[in-house]
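Undergrad: Quick one: structure below, then a few questions.
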Amino acid sequence: MADRLLPARGVAHLTVRDDLRALEGYHSPQVDVSVRLNTNEAPEAPPAAWRDALAAELSRVDWHRYPDRHAAALREAIAAEHGVDPAQVFAGNGSNEVLQVLLLAYGGHGRTVATFEPTYQLHAHIARLSGAAVVEGERAPDFTLDLDDARRVVTSAQPAVTFLCSPNNPTGLVEPREYVLALLAEVPGLLVVDEAYGQFADWSALSLVDDDQPLVVVRTFSKTWSMAAARLGYLVGPRSVVAELDKVTLPYHLDAVKQIAGRLALRFRDQMDERVAHVVAERGRVAARLHELDLDVFPSGANFILFRPRSLDGRAVWQALLDRDVLVRDCSGWPRLSGCLRVTIGTPAENDAFLSALTEVMAP
Ligand SMILES: *Cc1c(COP(=O)(O)O)cnc(C)c1O
């Protein structure tokens, strides 16, 4: 084929947008190990009854037709789950796509997006991809939100979008309700609360969503619903915001399989709650053991725990765990997290494997 083309100009002259040139991709290494506790997935597969129900419905899909463009049945099921109107629900291919659509609509060139670091790196990353400028507010040394500083940031930067993450990834801290309310009263634009781990927390900003409030709450099926492979997330927010997002997203962006998978999953709410309770119990057990070791351990309201070896190098501990076939998240090179590692709560057996490997590594 190549000889039919005009003289090749090559690709060396192709350049990405100026504002993307210095950007690095977002990576979470997928290493093949037996104990994988680095990406905060649920430790168990979804209930077998869900898989059976999904298989039954898939046999009735009109494969030659586009799926329901508005994912009406899925939105209705999500709306019923949270006691809101389906017009207040927007779903996407993972909550990351929901964030991307939000930032395409409300971020973009000439606008500013605010985050409070350390927090989920994709908030700033996707904001930059959209062309927006990012201002990074600082959290206090114990990673709680410094409300005075947060007020200063939103007042001076006038962000079109302000992000909170509760429970916060990677610290595990739940944002207090008063702080969310205080920031909501202050932001000039949209406040986004990412609740990927919301079911683990003792309160949810979903209770604050209202058509007259500039607030959206983002959730995902990837973590508590044991469905990371499905790539499905959503937000709940004002009808007017959802209507704008519907204009920005690609047509038929949610495939038929995903729409069915998500709708059916919500019938298994009780099982999901049970799994959350198990993870929370395991989190308590793991945290108690971590506190006995020479580590700083941060309090977690999520399905992971952030910790920092006091006298050993974080990166070396990560490698020593990997040598023992246990993969955790190395946050040691991230800004403001020097020396920190994050472990996902797994099955009791996985947690035991992690704890015994770590005990060995920490032994003097
Ligand atoms: C895991 C995670 C997500 C999930 O992204 P999906 O695209 O839904 O898998 C979103 N936000 C935070 C803070 C996360 O930790």
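Undergrad: Out of all the residues in the range 252-272, which are assigned to a loop (DSSP other than H, G, I, E, B) and more than 14 Å from the ligand (Cβ to nearest atom)?
TA: Residues satisfying the conditions are 252, 255.
Undergrad: Quick one: is residue 138 crowded, with 22+ Cβ neighbours inside 10 Å, away from the ligand (no atom under 11 Å from the Cβ) and charged (D, E, K, R)?
TA: no
Undergrad: Could you grab me the full set of residues in the range 205-225 that are more than 10 Å from the ligand (Cβ to nearest atom) and either among the small types (Gly, Ala, Ser) or in a strand (DSSP E or B) (or both)?
TA: 205, 207, 215, 216, 217
Undergrad: Yes or no: the range 10-24 includes at least one residue that is closer than 24 Å to residue 274 by Cα, touching a residue at least 12 places away in the same chain (Cβ under 8 Å) and not polar (S, T, N, Q).
TA: no
Undergrad: Please find, within the range 227-246, the residue that is nearest to residue 48 (Cα to Cα) out of those that are within 12 Å of the ligand (Cβ to nearest atom) and buried (at least 18 other Cβ atoms within 10 Å of the Cβ).
TA: For the range 227-246, the residue satisfying everything is 227.
Undergrad: Further, regarding this structure: Say whether the condition of being away from the ligand (no atom under 13 Å from the Cβ) and either crowded, with 24+ Cβ neighbours inside 10 Å or among the polar types (S, T, N, Q) (or both) is met by at least one residue in the range 118-128.
TA: Yes, the conditions are met somewhere in the range 118-128.
Undergrad: Could I ask something else about it? I'd like to know if the range 47-63 contains one or more residues that are within 16 Å of the ligand (Cβ to nearest atom) and either in contact with a helix residue (DSSP H, G or I) (Cβ under 8 Å, 6 or more places away or on another chain) or at negative phi (or both).
TA: No: the range 47-63 contains no residue that is within 16 Å of the ligand (Cβ to nearest atom) and either in contact with a helix residue (DSSP H, G or I) (Cβ under 8 Å, 6 or more places away or on another chain) or at negative phi (or both).
Undergrad: Any idea which residue in the range 301-319 is surrounded by the fewest Cβ atoms within 10 Å (Cβ to Cβ), counting only those that are touching a strand residue (DSSP E or B) at 6+ places or on another chain (Cβ under 7 Å) and not hydrophobic (A, V, I, L, M, F, W, C)?
TA: 310
Undergrad: Among (1) hydroxyl-bearing (Ser, Thr, Tyr); (2) crowded, with 20+ Cβ neighbours inside 10 Å; (3) over 18 Å from residue 75 (Cβ atoms), where does residue 207 come up short?
TA: (2)
Undergrad: Just need a number here: residues in the range 7-48 that are assigned to a helix (DSSP H, G or I) and surrounded by 10 or more Cβ atoms within 10 Å (Cβ to Cβ).
TA: Number satisfying all stated conditions: 2.
Undergrad: More than 27 Å from residue 275 (Cα to Cα), assigned to a loop (DSSP other than H, G, I, E, B) and within 22 Å of the chain's Cα centre (by Cα): which single residue out of 311, 332 fits that description?
TA: Going through 311, 332 in turn, just one is more than 27 Å from residue 275 (Cα to Cα), assigned to a loop (DSSP other than H, G, I, E, B) and within 22 Å of the chain's Cα centre (by Cα): 332.
Undergrad: Please verify whether residue 249 is over 19 Å from the mean Cα position of the chain (by Cα), touching a residue at least 40 places away in the same chain (Cβ under 8 Å) and within 16 Å of the ligand (Cβ to nearest atom), treating the condition exactly as stated.
TA: yes
Undergrad: Next up: Only one residue in 116, 163 is within 15 Å of residue 334 (Cβ to Cβ) and either of a type in the set (A, V, I, L, M, F, W, C) or touching a residue at least 24 places away in the same chain (Cβ under 8 Å) (or both). Which one?
TA: Exactly one residue qualifies, and that residue is 116.
Undergrad: Right, next: Out of 111, 60, which single residue is at pLDDT 95 or above, surrounded by 15 or more Cβ atoms within 10 Å (Cβ to Cβ), charged (D, E, K, R) and farther than 30 Å from residue 343 by Cα?
TA: 111
Undergrad: Another question, then. Pull up the range 163-204, narrow it to residues that are away from the ligand (no atom under 11 Å from the Cβ) and of a type in the set (D, E, K, R), then point me to the one that is farthest from residue 219 (Cα to Cα).
TA: Only one residue tops the list, namely 186.
Undergrad: Give the residues of the range 71-100 that are in contact with a strand residue (DSSP E or B) (Cβ under 7 Å, 6 or more places away or on another chain), among the small types (Gly, Ala, Ser) and either away from the ligand (no atom under 16 Å from the Cβ) or assigned to a loop (DSSP other than H, G, I, E, B) (or both), sorted by residue number.
TA: Correct list: 71, 79, 94.
The values are calculated or read from the model by the stated rules, or taken from the named source; none is laboratory data. Nothing here was measured: the structure is a model prediction, and the numbers come from that model. Every residue, glycine as well, gets a Cβ built from its backbone with ideal geometry; the counts of neighbours run over all protein chains shown.
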